[in-house]
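Accompanying notes for the structure given below.
The values are calculated or read from the model by the stated rules, or taken from the named source; none is laboratory data. Remember, it's a predicted structure, so these values are computed and weren't measured experimentally. Cβ coordinates were reconstructed from backbone atoms using ideal geometry, including for glycine residues, and neighbour counts include every protein chain displayed. We work out accessible area using only protein heavy atoms, side chains counted, and drop any ligands, DNA or RNA first. Shrake-Rupley method; radii C 1.70, N 1.55, O 1.52, S 1.80 Å.
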Amino acid sequence: MEPQQALRAFYEEIKDCQKCPLAASRTQVVFGSGNPRAEVMLIGEAPGYHEDRQGKPFVGAAGRLLDQLLHEAGLRRADVYIANVVKCRPPQNRTPRPEEIAACQPYLWRQLEIIRPRVVCTLGNVATQLLLGKKVGIMKVRGQPFPVRWFVVVPMLHPAAALHREALQAAVREDFQRLRALLAQGLQPPAAEQMPLL
Ligand code: URA
Ligand code: SF4
């Protein structure tokens with residue numbers, strides 16, 4: 001099956017998901033969007049207010065900043081695929097709980113298997129810790145490529161960090177410039193599958 005059809009079919013499968021308590025606080029499941037054959041996938045934390053209303057990831061303030069940062073990194077939204085660790089908006093945009101992440105995480109994994117990206121940018125602590133399978137702090141690991149399975153994880157600050165703390169704006173930009181440099185070097189995927197994800 002073509003990745004686009006596979007994603008569509010998978011969306012139909014999970015759009016009424018009730019596997020965790022976040023089902024109660026959402027308007028709709030925010031599945032993900034972008035190029036089904038993307039080489040670069042970006043993973044955020046959870047939908048916010050605007051994402052929940054529109055059904056698409058990163059359409060609010062963080063999304064506008066993300067578009068700009070992607071542009072500066074030589075990428076367009078249409079080149080990448082964007083999804084979140086949890087697909088439903090947490091109440092008051094709180095951080096998703098471990099049990100919610102555990103419930104939703106197979107969906108992200110399935111998206112990764114359908115799209116088979118070469119590079120996976122994890123935006124912020126939640127996505128980074130899930131993909132690296134370790135409780136690492138984003139400030140320690142940001143900008144470094146980590147081979148995981150068939151792809152390379154590049155942890156980056158979450159763009160929303162720059163919205164909340166002006167002091168982090170330069171660092172967020174720096175991470176996207178670093179991504180640009182890594183892509184220009186032709187960041188190679190690992191030779192064999194490494195580091196089991198689950
Ligand atoms: N922040 C996220 O992590 N994901 C979104 O979709 C929007 C904001
Ligand atoms: Fe299902 Fe994920 Fe939504 Fe929880 S967050 S209800 S697991 S789709």
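Data for the structure
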item: Trypsin sites (Lys or Arg not before Pro) restricted to region 107-149 and DSSP loop, no more than 11 other C-beta within 10 Å; result: Lys134, Lys135
item: Cβ-defined net charge surrounding His50, 12 Å radius [Lys, Arg +1; Asp, Glu -1]; result: +2
item: Estimated FRET transfer efficiency (Glu72, Arg118; beta-carbon r; R0 30 Å; 0.05); result: 0.90
item: Normalised convex hull volume, region 3-185, alpha-carbon set, Å³ per residue; result: 104
item: Distant-in-sequence amide H partners of Val85 (H built 1.01 Å from N, under 5 Å); result: Gly44, Glu45, Ala46
item: Beta bridges per DSSP with both ends in region 26-135, % antiparallel, nearest 5; result: 20
item: Residue of Asp16, Asp79, Asp67 that the Gaussian network model of the chain assigns the largest fluctuation, springs spanning Cα pairs under 10 Å; result: Asp16
item: Helix-only CD estimate at 222 nm, as mean residue ellipticity for the chain, using -39500 (n - 2.57) per DSSP H run (n ≥ 4); result: -12500 deg cm²/dmol
item: Sequence-separation-based contact order of the chain, relative, with Cα cut under 8 Å and 6+ spacing, percent; result: 22
item: Apportionment of accessible area to carbon and sulfur, the chain, percent (1.4 Å); result: 50
item: For the chain, built as a Gaussian network whose Cα springs stay under 10 Å, the top-fluctuating residue of Pro155, Pro106, Pro96; result: Pro106
item: Share antiparallel - DSSP beta bridges, the chain, percent rounded to 5; result: 30
item: Chain lengthening between Arg165 and Arg64 when straightened (0.36 nm per residue, less Cα-Cα); result: 34.7 nm
item: Solvent-accessible area per residue for region 3-185 (1.4 angstrom probe, square angstrom); result: 46
item: Spatially proximal aspartates and glutamates relative to Lys15 (Cα-Cα < 14 Å; intrachain offsets below 8 disregarded); result: Asp52
item: Solvent-accessible surface ranking, highest first, for Glu166, Glu113 at 1.4 angstrom; result: Glu166, Glu113
